[in-house]
Amino acid sequence: MLARRTTNGPFRPDPVSREHQHLLMRVAQAAPSHFNSQPWRFVLIEDKGTIREVARISGESMTELIEAGVFFERYRRYFRFTEAEMEQKRDGIHIDHLPGPLRPFTRRIFSDAGLRIMRQLGVPKKLGEDNRRLVEGSPLLLAALLDKAEYRPGELSGFYSVFGLGAAMENIWNAVGEVGMGLQFVSTPMEIGRQWQAIRELLRVPDDLELMAVYRLGYLPEDGKRPSIDWSSRHRKRLSQFVFRETCEVPEREG
């Protein structure tokens, strides 16, 4: 579990074996759920045409989010630009890999001025194309859904269902590394309502299910090439930053 990683780079083109696909479904199935309701549903997607269309939607979404500055505005507070910053905060992501023309502007790259520079250099389209290629080159997509009979937002059953799906996905995330695979969110379409609806329609999600997330999976190459803009996020908070003893007023001591 401590070795779990998210894969930002490409996968090998090899199909994911049916044995490994079913293994991942079995470890998901082993997750806890309220009253053993098992509210999760999964769609395993290998069809090249479907993957290509999800990739197109994902790439377009990335370009739109970067071009409009929406992505940076929403998530700016998580960006770190030096190892010292990461060491102090111990959360967020360290932006440690940028295209050459952007490196002199590292600290300002997500400011309004930096965004103008990115537009002039065509970075939003480049990032969108990078994202499209990453998704299209994935041999397997996994859609995670919840049964609306259990998933009722605003009620406890809604929380329980999301909690259970989170446990199921964490089981999958921990298992992929054991079979030489990687996993990553296909997250950008979720940021734009009409794009997420397009994926719902593509996957023919019925009215009694809620599409919660889409992931890309595949076997890891020996030497993974990093995307144009990439980051590391291996720091974790110290115990004293997120654990308390007896009450919320007493931080846990290290050691």
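The values are calculated or read from the model by the stated rules, or taken from the named source; none is laboratory data. Note that this is a predicted model, so its numbers are computed, not measured. Ideal geometry is used to build each Cβ from the backbone, glycine not excepted, and the neighbour counts take in all protein chains shown. Note: accessible area is taken over every heavy atom of the protein model, side chains too, but ligands, DNA and RNA are not part of it. Shrake-Rupley method; radii C 1.70, N 1.55, O 1.52, S 1.80 Å.
Observations on the structure shown:
- Each residue of the chain gets 166 Å³ once the volume of the Cα convex hull is shared out per residue.
- Equivalent ellipsoid, the range 45-94 (semi-axes from 5 times Cα gyration tensor eigenvalues, Å): 32, 15, 7
- Student exercise, the chain dipole from Lys, Arg, Asp, Glu Cβ charges, in Debye to nearest 20: 720
- Expressed as a whole percent, the accessible area of the range 130-255 that falls on carbon and sulfur atoms is 52 (1.4 Å probe).
- The alpha-carbon atoms of the range 1-53 define a convex hull whose volume equals 143 cubic angstrom per residue.
- Accessible surface of the range 1-54 [probe 1.4 Å, protein heavy atoms]: carbon and sulfur percent: 55
- Modelled spin labels at Lys125 and Arg26, positioned 7 Å past Cα toward Cβ, are 4.9 nm from each other.
- Share of pairwise Cα separations in the range 157-207, more than 14 Å, in percent: 69
- Protection-proxy order for peptides 23-30, 212-219, each taking the mean of Cβ atoms within 10 Å per residue, highest first: 212-219, 23-30
- Computed over protein heavy atoms with a 1.4 Å probe, the accessible surface of the chain works out to 57 Å² per residue.
- Highest-first arrangement of 169-177, 238-246, 69-77, where packing means the average Cβ count within 10 Å: 169-177, 69-77, 238-246
- Ratio of Rg to Rh over the range 129-230 (Cα coordinates, Kirkwood Rh, two decimals): 1.00
- Between the amide H of Glu252 and those of Val243, Phe244, Arg245, distances stay under 5 Å, these residues lying 5 or more places away or on another chain, with hydrogens modeled in the peptide plane.
- Phi to ³J(HN,Hα) by Karplus 6.51 cos²θ - 1.76 cosθ + 1.60 over the range 6-17, Hz, x for Gly, Pro: 9, 9, 8, x, x, 9, 5, x, 4, x, 7, 4
- Amide H contacts of Ala213: Ala144, each under 5 Å away and 5 or more positions distant or on a separate chain (H built 1.01 Å from N in the peptide plane; Pro and chain starts excluded).
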